[in-house]
Amino acid sequence: LQVISVKDNDSLAARLAVEMKTDLLIVLSDVEGLFDSPPGSDDAKLIDIFYPGDQQSVTFGTKSRVGMGGMEAKVKAALWALQGGTSVVIANGTHPKISGHVITDIVEGKKVGTFFSEVKPAGPTVEQQGEMARAGGRTLAALQPEKRAEIIYRLAELLTDQREEILLANKKDLEEAENKGRLALPLLKRLSLSTSKLNSLAIGLRQIAASSQDSVGRVIRRTRIAKDLDLEQVTVPIGVLLVIFESRPDCLPQVFWKERFIMSDIPLDRKDPKPGTNTKITIHHPSVTEVFSLVNTREEVEDLCRLDKLIDLIIPRGSSQLVRNIQKAAKGIPVMGHSEGICHVYVDTDASVEKVTRIIRDSKCEYPAACNALETLLIHRDLLRTPLFDQIIDMLRVEQVKIHAGPKFASYLTFSPSEVKSLRTEYGDLECCIEVVDSVQEAVEHIHKYGSSHTDVIITENEKMAEFFLQHVDSACVFWNASTRFSDGYRFGLGAEVGISTSRIHARGPVGIEGLLTTKWLLRGDNHVVSDFSEHGSMKYLHESLPLPQRNTN
């Protein structure tokens, strides 16, 4: 290795680092790192990883405002140190929000500044995937409706044609997860696929294919602004979606139907491989690899969550912990989802004996790992020690549901089940909390205090009481005499579901194709200028509503 000439602090630091055989050299600058063109110039992009030989792709600017050398000198010093066996990071050392933590962030492996590496990874970087997704999404959005539907029908056919291959891969995933013994039972259930589940997915895709011909590009408002000046509001895709799922291989076909996606399946345990890997790869068929991208590591997900200029919406599918982590990691990108699924069923004094046990059993036992499963059962006080109450308890015992007593319920019992640690608990298993309330009003107040605004149910034959509940419970889904499990995009007729949102902006509740659309305005004029509409201008605003084009209902 030819000795570097010491001309500035950068070359001095590089020489010292190599001679001392250090593992890492951190070079601090007054900018975030190395950009492909001078920082502040149009289209300048931060280079996360720089490889020897990439110098020709970089346009260097003037020298640094602090110190003797500019970025070009730093790059030369970094490449020389890299040749000598020392890894190098160039990062910002002057920003007040970073200066106190930049060194520890780099040592901990966080993505800060520009990392110099001799080894290029196989495949595109997450940034390149984001750029590909943006370009691909715009191409897909411009497709004719018939072509878009054809693609989705083809995906439904692939699920059916490759059913055996997919189920075999899923069986392998389940066996691997069970052998490791680190995956909780609710997550194992989420990981499991069946013939009926694949058939439901295929049916959902066909529903979407049929409706997609009249979704994107639909005119929802027409206004005549003035003579020969017409305005239209039309539906368009939101943009690039980052869908992050956890042991949910069925999410792949559920969300791929309208845009370009970057999808990630991340592990719960950093030491474990991704659960569902075999199933996911099988579903990710080569014929559709140009339509969406897949990433697999937590580090890649964290990097994607920072790409606010390339990704328009993040949809996490998985546990409440996953959703909270993604909401925390997202930098300037909206996250659509729900952190918890604490669903309630309230049994009123006028409840039907025949309906109560059926609805409670289905809500809790049909699929306890689902986010729309019953977690807290609210019972009117007057029903305690009645035959109806005994039937409820007997049914839960037969179904092997572990019961936790709320504070008020426990106070009525001499020998009670274990008292609940928190009334705000999502069990995700054959467990539930039972609590007593004195009225429908108290049930509503309990739901607002301890619920998660997901799905809540009243069982009663009193229509007035039911309407009070429906109007006053402020959740995304509120039902009367129906199981919580109906809170699902497929069961709502939305086709495949991309998630359930408890937020109050944009989509709420089960989200299908309509929830992933926004709008744009199209104005068609003929030499119109605003000055013509001034007080002494020649034109007047009309603002007339025009009839909408007839929708395709076939």
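The values are calculated or read from the model by the stated rules, or taken from the named source; none is laboratory data. Being a predicted model, the structure only gives us computed values, none of them experimental. In this analysis, Cβ positions are derived from the backbone assuming ideal geometry, glycine residues included, and neighbour counts consider all displayed protein chains. Accessible surface areas use protein heavy atoms only, side chains included; no ligands, DNA or RNA. Shrake-Rupley method; radii C 1.70, N 1.55, O 1.52, S 1.80 Å.
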>> In whole percent, and with a 1.4 Å probe on the protein chains, what portion of the accessible area of the chain is carbon and sulfur?
In response: 51 percent
> What is the local net charge at Ser11, summed over the other residues whose Cβ is closer than 11 Å to its Cβ (Lys, Arg +1; Asp, Glu -1)?
Replying inline: +2
>> Quick check: Cα centre of the stretch 27-42 to Cα centre of the stretch 388-409, how many Å?
In response: 63 Å
> Straight-line reach from Lys331: which aspartates and glutamates have Cα under 16 Å away, leaving out those fewer than 8 places along the same chain?
Replying inline: Glu127, Glu299, Glu300, Glu302, Asp303, Asp308, Asp312
>> I want the local charge near Gly489. Using Cβ-Cβ distances under 11 Å, sum +1 for each Lys or Arg and -1 for each Asp or Glu among the other residues.
In response: -2
> When all protein chains stay in place, what accessible area (Å², nearest 10, 1.4 Å probe) is found for Asp303?
Replying inline: 20 Å²
> Expressed as an acute angle from 0 to 90° and rounded to the nearest 10, what is the orientation of the C-alpha long axis of helix 387-398 relative to the principal long axis of the chain?
Replying inline: 50 degrees
> Quick one: accessible area per residue over the chain, 1.4 Å probe, rounded to a whole number of Å²?
Replying inline: 50 Å²
> How far apart, in nm, are the 7 Å Cα→Cβ label points at Ile49 and Asp214?
Replying inline: 4.8 nm
> Dipole magnitude of the chain about its Cα centre, charges +1 at Lys/Arg Cβ and -1 at Asp/Glu Cβ only, in debye to the nearest 20?
Replying inline: 580 debye
> What translational D, rounded to a whole number of µm²/s, comes out for the stretch 343-497 from Stokes-Einstein when the hydrodynamic radius is the Kirkwood one over Cα pairs, at 20 °C and 1.002 mPa s?
Replying inline: 140 µm²/s
>> Let me check something: with ligands and nucleic acids excluded, how do Met336, Met465 order by accessible area (1.4 Å probe), largest to smallest?
In response: Met465, Met336
> Of (1) 70, 53, 52; (2) 101, 50, 37; (3) 92, 74, 51, which is the value of Cα extents along the principal axes in Å derived from the coordinates here?
Replying inline: (3)
>> Taking the 0 to 90 degree range and rounding to the nearest ten, how far is the long axis of helix 320-329 tilted relative to the main principal axis of the chain, both from C-alpha atoms?
In response: 30 degrees
>> Can you compute the charge dipole magnitude of the stretch 343-497 about its Cα centre, using +1 on each Lys and Arg Cβ and -1 on each Asp and Glu Cβ, nothing else charged? Give it in debye, rounded to the nearest 20.
In response: 300 debye
> To the nearest 10 degrees, how steeply does helix 353-365 sit against the main Cα axis of the chain, on a 0 to 90 scale?
Replying inline: 20 degrees
